[in-house]
Each structure stands twice: as structure tokens, then as C-alpha cells.
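Here's the structure we're looking at; comments come further down.
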Amino acid sequence: MKVLTTPRSYGKTDPEVFAMLRAAGLEVVRNETGGILDKEGMKALLADCDGVIVGVDPIDAEVIAAAPKLKAIAKYGVGVDNIDLDAAKARDIKVSRTVGANAEAVADYAMALLLAVARKTVLIDQHCRQGDWKKITTRDVTGGTIGILGLGAIGRNVAQRAQGFGMKVLAHDPFWDEAYAKAHGITRAAPDEIFAECDVISLHLPLTPETENFIGAAELAKMKPDAILINTARGGLIDENALLDALEAGRPRGAGGHALFPSARAAMPSPPSRPRIPAGLPWTTWCSAPTAPPPRRARPATWGAWLLPTSSTIWACRAGGQR
């Protein structure tokens with residue numbers, strides 16, 4: 001059997017994962033392009049494969065139809081918006097994701113973005129490099145209120161870190177766990193309440209038809225003038241052109257994210273002249289080397305000789321926190 005691995009970072013810090021796949025009797029086909037595959041690239045490489053470990057490369061109905069032997073799709077990550085789940089189900093193709101594998105790394109990154117925007121570290125660095133050493137007023141985060149939209153594994157880790165800064169935590173999730181929230185000092189709140197009351201709003205929702213443009217002009221207008229918006233989930237959760245307009249108008253105070261749609265990137269002025277414009281960073285949110293060797297995240301699946309990332313099998317993805 002053959003398995004395709006598409007993510008560039010797969011095995012980067014632990015090359016032994018490829019040896020584990022081969023030891024399970026699998027022939028490994030790797031993405032050697034150095035980039036994200038497009039639909040045609042996926043069709044070409046998947047044509048003779050029985051399974052795939054995929055990043056953000058597209059697996060739509062057309063790609064699935066071009067892979068007659070495909071039996072399993074393992075998402076190297078959490079979001080499955082690049083996978084046509086209905087087409088997979090129709091073919092009885094098992095779909096899984098690596099729940100919790102990147103939760104701490106993404107939560108760290110969310111806090112890094114929050115501090116970068118609040119303390120204007122990117123702007124200050126740019127000024128210093130230009131020989132401008134004047135003081136720039138920033139803001140504290142300690143004692144503020146953070147609103148977390150999506151209280152899955154990542155959202156919960158962000159809440160824990162925010163509480164370390166003495167922040168009050170409000171959260172919203174359609175699949176609310178009251179016992180967990182009560183045990184960890186998290187207050188349930190509706191999205192509108194979070195928009196109106198929170199100093200920081202952090203997004204941790206999957207991208208679905210229900211959550212696309214979850215934050216638009218109307219939601220931005222409800223936020224505090226000095227609010228900070230952080231998005232370490234999918235760019236499509238935010239109407240980014242509306243966000244750019246709102247930032248230019250001075251409400252909210254600032255934003256940080258790791259993903260922008262091309263239209264928004266093209267419209268984004270340079271940060272030195274627009275200090276409110278988002279702290280934008282490449283999609284490396286979950287790419288980190290642990291301080292200690294992590295436990296193996298690969299285990300034999302329950303069928304055949306597959307060796308796929310530890311995961312939960314899913315047939316549908318609703319608008320809940322990224323678990």
C-alpha cells in the first residue's frame with residue numbers, strides 16, 4: 001500500500017516517522033515540490049495511493065474521484081475545511097485529524113500575537129532599525145478581559161495562558177462544557193457579549209459555512225475602540241477587508257493573525273505607516289520544536305497496516321472549538 005505525505009513540516013523534527021510508516025509495510029510518496037500542492041498536483045500524486053497524510057492541500061470531490069484506491073485521509077492538523085467530508089463519506093473513506101497535537105504551540109503563538117499588538121513590538125522594532133528611538137505608548141494586558149470564541153483544545157490552552165496574565169476569561173462554544181468551564185474559572189458568554197465587553201478577542205473556530213466571515217463589519221462595530229482581535233484559526237473567519245477598514249477608522253485598536261486572504265494582503269498598507277494594521281505572520285503557528293521530545297503521535301489505525309497520526313475519526317465538522 002502507498003501513503004502520500006504532503007505537509008512540508010511532516011517529519012521535519014522527527015524523521016523517524018517515515019521509518020515507522022515503512023516498517024508498517026507502507027510505501028511512502030512524498031511531496032517534493034517544496035510548497036502546497038494544488039488540485040492537479042494532488043490528483044497526480046494520489047492516483048495510486050491508498051492513503052494520505054495531508055496539510056492544507058485541497059482534497060475536494062474531484063481529487064477524491066481521481067484516487068480510486070484511497071481508503072484513509074489523515075489531517076496533519078485540526079481544521080478539515082480543505083477536505084470534502086461528504087465526498088469522503090460517500091466512498092467510505094476514513095477521515096481523521098490530529099486532535100490536540102498542535103494545541104499548545106498555537107496557544108503560545110496566539111499569546112505572542114497578543115503581546116506583539118498590545119506592546120507594539122513589531123512597530124517599535126521597525127522604528128529602532130530606522131534609528132528612531134522615541135518612546136511609543138503601548139498598553140498592558142494584565143487585568144484585562146479576553147473573549148475566546150471556540151473553547152476546544154486550543155481555546156482552553158489560550159485561556160490558561162491568559163489567566164497567567166491575570167485576565168478574566170469569557171468564552172463561547174456551541175458544544176459548551178459547563179463542568180470544565182466552572183473548574184477552570186471560565187465564564188460563558190454569547191458572541192455579542194464578548195464583542196462588547198472584551199479587551200481581547202481570540203478566534204479558535206473551525207472554518208465552516210456557518211462560521212465563514214463570522215467577524216464582519218457589524219461585529220467589529222460592536223467591539224471596544226481599544227479592543228485587540230487575534231486570529232490563529234482560518235483567515236476566512238474574518239471579513240478581512242472589513243477589518244482593514246475598521247482598523248483604519250481606529251476601531252478596534254489592532255489585530256494580529258497568521259493568515260490573510262490574497263485580496264486583504266494586497267490592500268494592507270505597510271505597518272510603519274499604519275500602526276493599527278495587523279501584525280501579520282506566516283502560517284507557522286503550530287511549527288515549533290518542543291523543549292522535550294514529545295510522545296509519539298503515530299499509532300497503528302484499526303484497519304489494515306496503516307500507521308497514521310493519533311486522531312479522532314470524523315464524518316462532520318460543526319461550528320465548535322478546534323478540539
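The values are calculated or read from the model by the stated rules, or taken from the named source; none is laboratory data. What you are looking at is a predicted structure, and each value in this text was computed from that prediction instead of being measured. Every residue, glycine as well, gets a Cβ built from its backbone with ideal geometry; the counts of neighbours run over all protein chains shown.
General observations
- Against the numbered list (1) over 26 Å from the mean Cα position of the chain (by Cα); (2) modelled with pLDDT under 90, residue 99 comes up short only at (1).
- Residues that are out of contact with any helix residue (DSSP H, G or I) (no Cβ under 8 Å at 6 or more places or on another chain) and crowded, with 21+ Cβ neighbours inside 10 Å were ranked within segment 58-76; the one that is modelled with the lowest pLDDT is 76.
- Within segment 2-19, tally of residues that are in contact with a Leu (Cβ under 9 Å, 6 or more places away or on another chain), at pLDDT 90 or above and not polar (S, T, N, Q): 3
Per-residue answers, yes or no, for (1) touching a helix residue (DSSP H, G or I) at 6+ places or on another chain (Cβ under 9 Å); (2) of a type in the set (S, T, N, Q); (3) part of a loop (DSSP other than H, G, I, E, B); (4) buried (at least 18 other Cβ atoms within 10 Å of the Cβ):
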| site | (1), (2), (3), (4) |
| --- | --- |
| 138 | yes, yes, yes, no |
| 143 | no, no, yes, no |
| 147 | yes, no, no, yes |
| 166 | no, no, yes, no |
| 180 | yes, no, no, no |
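- Residues that are in contact with a Gly (Cβ under 6 Å, 6 or more places away or on another chain) and not aliphatic (A, V, I, L, M), drawn from segment 209-233: 212, 231
- Failed condition for residue 97, given (1) surrounded by fewer than 18 Cβ atoms within 10 Å (Cβ to Cβ); (2) in contact (Cβ under 8 Å) with a residue 60 or more places away in the chain; (3) of a type in the set (Lys, Arg); (4) closer than 23 Å to residue 236 by Cα: (1)
- Criterion (within 18 Å of residue 255 (Cβ to Cβ), part of a loop (DSSP other than H, G, I, E, B) and either more than 21 Å from the chain's Cα centre (by Cα) or in contact (Cβ under 8 Å) with a residue 12 or more places away in the chain (or both)) met by exactly one of 115, 220, 205, 123: 205
- Meets criteria (on the phi < 0 side of the Ramachandran plot, in contact with a Pro (Cβ under 8 Å, 6 or more places away or on another chain), outside any loop (DSSP other than H, G, I, E, B) and β-branched (Val, Ile, Thr)) for residue 73: no
- Segment 156-189: number of residues that are more than 21 Å from residue 211 (Cβ to Cβ) and touching a Lys or Arg at 6+ places or on another chain (Cβ under 8 Å): 4
- For segment 35-57, residues that are more than 25 Å from the chain's Cα centre (by Cα), surrounded by fewer than 18 Cβ atoms within 10 Å (Cβ to Cβ) and in a loop (DSSP other than H, G, I, E, B) total 2.
- Filtered by the rule that a residue be under 25 Å from residue 174 (Cβ atoms) and without any contact (Cβ under 8 Å) to a residue 12 or more places away in the chain, segment 126-161 gives no residues.
- Count of segment 94-136 residues which are in contact with a Ser or Thr (Cβ under 9 Å, 6 or more places away or on another chain) and aromatic (Phe, Trp, Tyr): 1
- Taking the criterion of being touching a strand residue (DSSP E or B) at 6+ places or on another chain (Cβ under 8 Å) and either assigned to a loop (DSSP other than H, G, I, E, B) or β-branched (Val, Ile, Thr) (or both), the residues of segment 149-164 that qualify are 150, 151, 158.
- Index of the failed condition, residue 107 passing every other in (1) assigned to a strand (DSSP E or B); (2) within 30 Å of residue 199 (Cβ to Cβ): (1)
- Meets criteria (within 27 Å of the chain's Cα centre (by Cα), outside any loop (DSSP other than H, G, I, E, B) and not basic (Lys, Arg)) for residue 32: no
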